[in-house]
Amino acid sequence: MSSPPTTLTLHALVFVLCGEHFDAAAAVLFTTTLRAAGLPVRLVGLTGPQVTAKHGVRLTCDLTLGEALPLAAQVRCLLLPCSAALLSEREVDPRIVDLLQQSCRNQARLIISQREVLGCASLAPHAPEPSRVTLYQDTCDLLYVVQGVVQELTQSTAEAYPQHPPQPANG
């Protein structure tokens, strides 16, 4: 079994946005599964390095929003484990709007639990193509989504950065 190409770390980050009352189960499942596959996943704290998610679960994030913004051009997948209402409350912070819009412009895969999230002010002007949006219904459904993301990111990176350069034809 081969490991994912190391170039993935430099060219394809996965961000999981974490905020107060966000879905911790989805964030943890997504993060642990992708990290086990060798993908560079970063929990991004929208309100600081630690957040209290649904059901009082406290998460320590890898990056704050301010630290994540300079890396936005490298984001190839973004999980928003929250409702449209929660995201709308956070949109008062222009950095969140900037991160979401940059990710959409870069055609990052957007993974959401509610289609209404696409109607939020930060996403509407830069709505991603429908093929770049994945909707999950619940945590069980998210497991299948995560497996697809692993395959998509490892396959696209392997194609873009082959382990072995093509050999010249003998002739």
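For S113, all conditions in the list (1) out of contact with any Phe, Trp or Tyr (no Cβ under 6 Å at 6 or more places or on another chain); (2) modelled with pLDDT of 85 or more hold save one; what is the number of the exception? Answer for S113: the failing condition is (1).
As a summary of the residue check, L63 satisfies the conditions (1) modelled with pLDDT under 90; (2) touching a helix residue (DSSP H, G or I) at 6+ places or on another chain (Cβ under 8 Å); (3) over 17 Å from H21 (Cα atoms) except for the one numbered (1). Within the stretch 64-81, residues that are more than 11 Å from L43 (Cα to Cα) and without any contact (Cβ under 8 Å) to a residue 60 or more places away in the chain have Cβ atoms under 8 Å from residues that are aliphatic (A, V, I, L, M) and assigned to a helix (DSSP H, G or I) in these pairs: L69/L99; A72/L99, counting only partners at least 6 apart in sequence or on another chain.
When the criteria are applied in full, I112 meets the requirement of being touching a helix residue (DSSP H, G or I) at 6+ places or on another chain (Cβ under 9 Å) and closer than 24 Å to Q151 by Cβ. Considering only the stretch 51-72, I want to know if a residue exists there that is surrounded by 16 or more Cβ atoms within 10 Å (Cβ to Cβ), part of a helix (DSSP H, G or I) and of a type in the set (S, T, Y). No - not one qualifying residue is present in the stretch 51-72.
Conditions (1) touching a Pro at 6+ places or on another chain (Cβ under 9 Å); (2) among the polar types (S, T, N, Q); (3) closer than 25 Å to Q147 by Cα, marked per residue:
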{"position": "F15", "(1), (2), (3)": "no, no, yes"}
{"position": "C18", "(1), (2), (3)": "yes, no, yes"}
{"position": "Q50", "(1), (2), (3)": "no, yes, no"}
{"position": "D62", "(1), (2), (3)": "yes, no, yes"}
{"position": "G66", "(1), (2), (3)": "no, no, no"}
{"position": "A72", "(1), (2), (3)": "no, no, yes"}
{"position": "C77", "(1), (2), (3)": "no, no, yes"}
{"position": "R95", "(1), (2), (3)": "no, no, no"}
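The values are calculated or read from the model by the stated rules, or taken from the named source; none is laboratory data. Being a predicted model, the structure only gives us computed values, none of them experimental. All Cβ positions, even for glycine, are placed from backbone atoms using ideal geometry, and neighbour counts span all protein chains on display.
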